[in-house]
Amino acid sequence: NDRWEVGAPPGDEWVNSPAFTYYKNRLTVTFKEGAYYYQYKFPGSPKYTPLQEEALRTFTALAMSDELRLDLKLQPGDIGFLNNTTMLHAKTAFRDSTDPK
């Protein structure tokens with residue numbers, strides 16, 4: 001199972017959600033590692049060209065590279081603010097505290 005199947009089976013339709021779009025002269029990027037091929041589960045959905053597949057592989061390699069990644073270790077009480085339109089972001093596993101503070 002992939003995370004897009006959790007909770008409900010996929011419907012009959014696929015949704016076009018391009019990785020790169022321009023809106024009001026600004027580049028918008030949607031990075032969903034592994035999700036780019038989810039549409040292949042749906043008959044009739046478009047398939048990527050070899051050039052598009054190479055672009056996705058290259059972009060994924062860059063997005064996941066240690067050279068371009070910034071790791072933040074937040075301490076209790078810390079808050080991280082990120083602008084979704086200016087940077088890619090992810091979170092790793094965390095342990096929730098039972099302390100009500």
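The values are calculated or read from the model by the stated rules, or taken from the named source; none is laboratory data. Model, not experiment: these values are computed from the prediction. Cβ placement follows ideal geometry from the backbone for every residue including glycine, while neighbour counts extend to all protein chains displayed. With ligands, DNA and RNA removed, areas are computed over all heavy atoms of the protein, side chains included. Shrake-Rupley method; radii C 1.70, N 1.55, O 1.52, S 1.80 Å.
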Residues of the stretch 76-87 satisfying the condition of being farther than 26 Å from residue 21 by Cα, open to solvent by less than 100 Å² (accessible area, probe 1.4 Å) and not small (Gly, Ala, Ser): 78
Return a yes/no flag: does the stretch 35-48 have any residue that is open to solvent by 70 Å² or more (accessible area, probe 1.4 Å), part of a loop (DSSP other than H, G, I, E, B), among the basic types (Lys, Arg) and at pLDDT 80 or above. yes
Considering only residues of the stretch 8-17 that are surrounded by 10 or more Cβ atoms within 10 Å (Cβ to Cβ) and either under 18 Å from the mean Cα position of the chain (by Cα) or farther than 22 Å from residue 48 by Cβ (or both), which is modelled with the highest pLDDT? 17
Kindly indicate the residue of the stretch 58-101 that is outside any loop (DSSP other than H, G, I, E, B) and not aromatic (Phe, Trp, Tyr) and also farthest from residue 24 (Cα to Cα) among those meeting that condition. 61
